[in-house]
Amino acid sequence: MSEVSHPPRRWPRLLLLIALSLALHALLVDWGRRQIILPGATQEQAMTVELRPLPPPEQPVALPVPRPTQPRAAKPANRQAAPARRSEPSIEPPDEPIRETVEPIYTPAPEAPHSAPATATATASDDGTGKTSDGKGQGTAGAAAEGGQAQSDAPGKSYQTSAPPSVLLRYDATGTKDGRASYGRGSIAWRNDGPHYSVEGKAKVLVFTVLNFTSQGDLDGNGLSPELYTEQTGFKSATNTHFNRERNVVSFSASTTTYPRRGGEQDRGSVIWQLAAIGRGDPAQFRAGAVIDMFVAGVRDGEVWRMQVQGEEDVTLPIGQLHTWHVVRMPKPGSYEDRVDIWLAPQHEWYPVRVRYTEPPSRGGDFIDLSLSGMEALPP
């Protein structure tokens, strides 16, 4: 009987142990839930924590974006204003003074007919008296005038010409080069063989030739009628000026400029001897204040030279003191051409006993002065 009642005493203990075990498991599960964070929950909490500070930095990054757009919109307005300012004063005005300085260079071409047709008229009206019995060229260099005399300050007047005999003139040369004084020698060989003439001029400083020119042509009713003029200055290449009689054109090797040839045109080498021929043809054609206009061709173009007769002067030269007529070619204001002073001696066949070439200030203002130191007659 005692064995049958024992089992009921052991069951309550088992049930108690099971209950305690279950309670402990429940506590452990609850504790574990509190201590362990699920991965999904941690990611959501991490995302919320990290995303909240991000919006503030996005605003300062976005704020500079509209700010650059404002100056960009302002720049086109400035660009539109800039062309408007340029178009008003800065483009057109510089062209006008250039045009003003260029036009006077070409205006002599229309003026040339004032003297050129005059010489042509004189040639056409020549009745055979254009040359004297001694063979010296003699004729008119303007329109026909009564009595063979002319007031040289009036356009369209005639000039009686008589080319001087052949001669070799030697000069002492003084001047400046780049503002420094220089000294040398020069010479002009003039040859007159009746129907033709030739001029050869040289100027040297030490052993350097600073000026070398030649002119050749005919002696006719117009006086000197050049055919070819050649000039070389310093170390530059020589240039040729052609007076084409077949095509009646004056042309240049240094440019494409051309002029009609009507008769009476001169070059830089012949113009001095044309003045001598005018003075020798009739001394009364020279008087103080008179002007003689001649179309003169240079190395690139040509223009009317107004030769102003300054008056009579006594000059002291290496050859001695001589009585002369002083003639000046004064270029137009702003021109790049040289001023040319010429002293002609009536007691010596109106030879040029002194010649001075002066550059304009725009080219440096240097000059070459040739003063007669000796002369030698050349065979005809």
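The values are calculated or read from the model by the stated rules, or taken from the named source; none is laboratory data. These numbers come from a predicted model, not from an experiment. With ideal geometry, Cβ positions are generated from the backbone for all residues, glycine too; neighbour counts draw on all protein chains shown. Each accessible area value is taken on the protein alone, full model and side chains, heavy atoms only, with ligands, DNA and RNA left out. Shrake-Rupley method; radii C 1.70, N 1.55, O 1.52, S 1.80 Å.
Below, the figures for the structure above:
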| quantity | calculated |
| --- | --- |
| Pairs with Cβ under 8 Å, 6+ apart, first in the stretch 244-255 and open to solvent by 70 Å² or more (accessible area, probe 1.4 Å), second assigned to a strand (DSSP E or B) | Arg245/Glu227; Asn248/Pro260; Ser253/Thr239; Ser253/Asn240; Ser253/Thr241; Ser253/His242 |
| Residues satisfying the stated conditions in the stretch 201-217, i.e. in contact (Cβ under 8 Å) with a residue 40 or more places away in the chain and of a type outside the set (A, V, I, L, M) | Gly201, Phe213, Thr214, Ser215, Gly217 |
| Every residue from the stretch 281-301 that is outside any loop (DSSP other than H, G, I, E, B), in contact with a strand residue (DSSP E or B) (Cβ under 7 Å, 6 or more places away or on another chain) and of a type in the set (A, V, I, L, M, F, W, C) | Val291, Ile292, Met294, Phe295, Val296, Ala297 |
| Which listed residue, of Pro379, Pro361, Pro346, is farther than 26 Å from Val250 by Cβ, open to solvent by 20 Å² or more (accessible area, probe 1.4 Å), more than 32 Å from the chain's Cα centre (by Cα) and at pLDDT below 95 | Pro379 |
| Close pairs from the stretch 339-352: first of a type in the set (Ser, Thr, Tyr), partner open to solvent by less than 10 Å² (accessible area, probe 1.4 Å) and assigned to a strand (DSSP E or B), Cβ under 6 Å, at least 6 apart | Tyr351/Ala345 |
| Only one of Asp314, Asp301, Asp282 that is of a type in the set (Asp, Glu) and either under 22 Å from Gly201 (Cα atoms) or within 30 Å of the chain's Cα centre (by Cα) (or both) | Asp301 |
| Options Thr176, Thr161: the member that is touching a residue at least 40 places away in the same chain (Cβ under 8 Å) and open to solvent by 10 Å² or more (accessible area, probe 1.4 Å) | Thr176 |
| Sole residue being in contact with a helix residue (DSSP H, G or I) (Cβ under 9 Å, 6 or more places away or on another chain) and either buried (at least 24 other Cβ atoms within 10 Å of the Cβ) or more than 21 Å from Gln347 (Cα to Cα) (or both), chosen from Gly269, Gly289, Gly298, Gly264 | Gly264 |
| Residue match in the stretch 194-210 (condition: charged (D, E, K, R) and more than 22 Å from Tyr357 (Cβ to Cβ)) | no |
| Filtered residues of the stretch 330-343 (kept if surrounded by 14 or more Cβ atoms within 10 Å (Cβ to Cβ) and not basic (Lys, Arg)) | Met330, Pro331, Ser335, Glu337, Asp338, Val340, Asp341, Ile342, Trp343 |
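Per-residue answers, yes or no, for (1) among the β-branched types (Val, Ile, Thr); (2) part of a strand (DSSP E or B); (3) out of contact with any Leu (no Cβ under 6 Å at 6 or more places or on another chain); (4) at pLDDT below 95:
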| position | (1), (2), (3), (4) |
| --- | --- |
| Arg262 | no, no, yes, yes |
| Gly279 | no, no, no, no |
| Glu303 | no, yes, yes, yes |
| Gln308 | no, yes, yes, no |
